[in-house]
1. Specify which of the listed residues (LEU82, LEU11) is in contact with a Ser or Thr (Cβ under 8 Å, 6 or more places away or on another chain) and touching a residue at least 24 places away in the same chain (Cβ under 8 Å).
2. It is to be established whether one or more residues within region 10-29 are of a type outside the set (Lys, Arg), assigned to a loop (DSSP other than H, G, I, E, B), modelled with pLDDT under 95 and farther than 13 Å from PHE99 by Cβ.
3. Looking only at region 77-99, how many residues end up being assigned to a helix (DSSP H, G or I) and farther than 21 Å from GLY23 by Cα?
4. Does PRO48 count as under 15 Å from CYS9 (Cα atoms), modelled with pLDDT of 95 or more and surrounded by 11 or more Cβ atoms within 10 Å (Cβ to Cβ)?
5. If you go through region 1-18 one residue at a time, how many are under 22 Å from PHE92 (Cα atoms) and either touching a helix residue (DSSP H, G or I) at 6+ places or on another chain (Cβ under 7 Å) or small (Gly, Ala, Ser) (or both)?
6. Evaluate the following for LYS43: is it of a type in the set (Lys, Arg), free of Cβ contacts under 8 Å to residues at least 60 places away in the same chain, under 28 Å from LYS2 (Cα atoms) and crowded, with 19+ Cβ neighbours inside 10 Å?
7. Among the candidates THR21, THR62, single out the residue that is in contact with a helix residue (DSSP H, G or I) (Cβ under 8 Å, 6 or more places away or on another chain), under 16 Å from ASN95 (Cβ atoms) and surrounded by 13 or more Cβ atoms within 10 Å (Cβ to Cβ).
8. From the list ILE7, ILE29, ILE89, ILE70, which one is over 13 Å from the mean Cα position of the chain (by Cα) and of a type in the set (A, V, I, L, M)?
Amino acid sequence: MKVEEKIYCKLLQVPTGYVTTYGDLAKTINLKNGQRIVGQIMKKNPFPVIVPCHRVVKSDGTIGGYAYGIERKKHMLSKEGLKIKDNKILDFKNNLFEF
């Protein structure tokens with residue numbers, strides 16, 4: 001299985017209302033220091049409606065980038081129940097999904 005497929009499969013485990021980080025997602029497949037690789041994989045996600053790449057954020061709780069724009073990412077996360085202020089998820093630790 002390709003790295004992309006492994007990452008997408010792991011990301012499918014993150015439920016609505018939760019997020020994971022680029023680094024944590026990389027760790028799930030033993031990809032050391034792979035946060036940038038995960039970011040590139042998210043950017044190329046061919047199935048953004050199915051594979052919820054909007055649920056991947058930076059390790060400090062800021063939302064990071066999104067291929068379809070940060071405003072759309074904030075909107076999607078807000079619709080899932082997450083509170084965001086200044087591009088940062090409030091109560092980040094309680095909304096962080098643990099694999």
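The values are calculated or read from the model by the stated rules, or taken from the named source; none is laboratory data. From a predicted model like this one, the values you see are computed outputs, not experimental measurements. As a convention, Cβ positions derive from the backbone with ideal geometry for all residues, glycine included, and neighbour counts pool all protein chains shown.
1. Working: LEU82 fails: in contact with a Ser or Thr (Cβ under 8 Å, 6 or more places away or on another chain).
Only one candidate passes the filter, namely LEU11.
2. Looking through region 10-29, none of the residues is of a type outside the set (Lys, Arg), assigned to a loop (DSSP other than H, G, I, E, B), modelled with pLDDT under 95 and farther than 13 Å from PHE99 by Cβ.
3. Here the count works out to 2.
4. Numbers: under 15 Å from CYS9 (Cα atoms): yes; modelled with pLDDT of 95 or more: no; surrounded by 11 or more Cβ atoms within 10 Å (Cβ to Cβ): yes.
Against the criterion (under 15 Å from CYS9 (Cα atoms), modelled with pLDDT of 95 or more and surrounded by 11 or more Cβ atoms within 10 Å (Cβ to Cβ)), PRO48 does not qualify.
5. 6
6. Answer is no for this residue.
7. THR21
8. Working: ILE7 fails: over 13 Å from the mean Cα position of the chain (by Cα); ILE89 fails: over 13 Å from the mean Cα position of the chain (by Cα); ILE70 fails: over 13 Å from the mean Cα position of the chain (by Cα).
After applying the criteria, what remains is ILE29.
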